[in-house]
1. How high is the relative contact order of segment 122-191, given as a whole-number percent (alpha carbon pairs under 8 Å, six or more residues apart)?
2. Please work out the C-alpha center-to-center distance from segment 136-191 to segment 6-47 and express it in whole Å.
3. Based solely on its DSSP helices, what 222 nm [θ] is calculated for the chain when runs of n ≥ 4 H residues each add -39,500 (n - 2.57) and the sum is averaged over all residues, nearest 500 deg cm²/dmol?
4. Hey, what angle do you get for helix 35-49 against the long axis of the chain, alpha-carbon based, 0 to 90 degrees rounded to 10?
5. Suppose a student asked you for the relative contact order of segment 90-146, using Cα pairs under 8 Å spaced at least 6 residues apart; what percent would you report?
6. Of 76, 147, 97, how do they rank once you tally other Cβ atoms within 10 Å and put the fewest first?
7. In terms of the Cα gyration tensor, with a ≥ b ≥ c the square roots of its eigenvalues, is segment 1-98 rounded because a/c is under 1.5, prolate because a/b exceeds b/c, or oblate?
8. Hey, got the dipole for the chain? About the Cα centre, +1 on K and R Cβ, -1 on D and E Cβ, debye to the nearest 20?
Amino acid sequence: METLPHNAALLIVDLQKAIDDPRWSRIGPRNNPQAEANVAALLAAWRRDGRPIVHIRHDSMEPDSTYRPGGPGHAFKEEALPLAGETVIGKAVNSAFIGTGLDEWLHDRGIGTLVVAGVITNNSVEATVRMAGNLGYDVRLVADACFTFARLDRSGRLRTADEVHDLSLANMDGEYATVVETAEVLGEMSR
């Protein structure tokens, strides 16, 4: 992995209590049960070094969404709670760059490198990473600090969460991002 600039922003996508609602796992269980612990480790390292952190919060406009503002799932998970002074950006669609001012916030601070973690790998994480790559950011996607759920493919075949996750990572790796692991990022920061 290339050297991580000191002003690389940690972008945590949609890690809210909503994701624990049983509706998300009705087809099958999630993967990466350690993802929240890995996000917490990344957050601790960013805070220790005084690096920029952006918490992306999904503010769904769908009446039945687990992410709807005012609902019990809208709050951030304990492992990803923002501290006073940390930036929180709400979004209403899957990409954190649409209608949010995130791009301007990053540009105003001269930030060109993003380290991305969160949920759902093949939804909001992938949409955000693809857009970040298209906008010219150097993106490091932390594979073991993201997770997703099992899904049925178009033919009705069950795809495990690991399969969905791995295919999503393959879609992004190289063209839009460099896929890394938590230990790699933390190791780079300690150099």
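The numbers here are math on the coordinates, done by the rules we state, and not lab data. Model, not experiment: these values are computed from the prediction. Note that each Cβ is placed from the backbone with ideal geometry, even for glycine, and that neighbours are counted across all protein chains shown.
1. Numbers: 77 pairs, mean separation 26.5, N = 70.
That works out to 38 percent.
2. Segment 136-191 and segment 6-47 have Cα centres separated by 12 Å.
3. Roughly -8000 deg cm²/dmol at 222 nm, from the helical runs in the chain.
4. On a 0 to 90 degree scale, this one is about 20.
5. Working: 65 pairs, mean separation 21.6, N = 57.
For segment 90-146, the relative contact order is 38 percent.
6. Values: 76 17, 147 26, 97 22.
Placing the least packed residue first, the sequence is 76, 97, 147.
7. On the way: a/c = 2.04, a/b = 1.54, b/c = 1.32.
Since a/c reaches 1.5 and a/b is larger than b/c, the shape of segment 1-98 is classed as prolate.
8. Details: 19 positive and 27 negative charges, 78 e Å.
With Lys and Arg at +1 and Asp and Glu at -1, about 380 debye.
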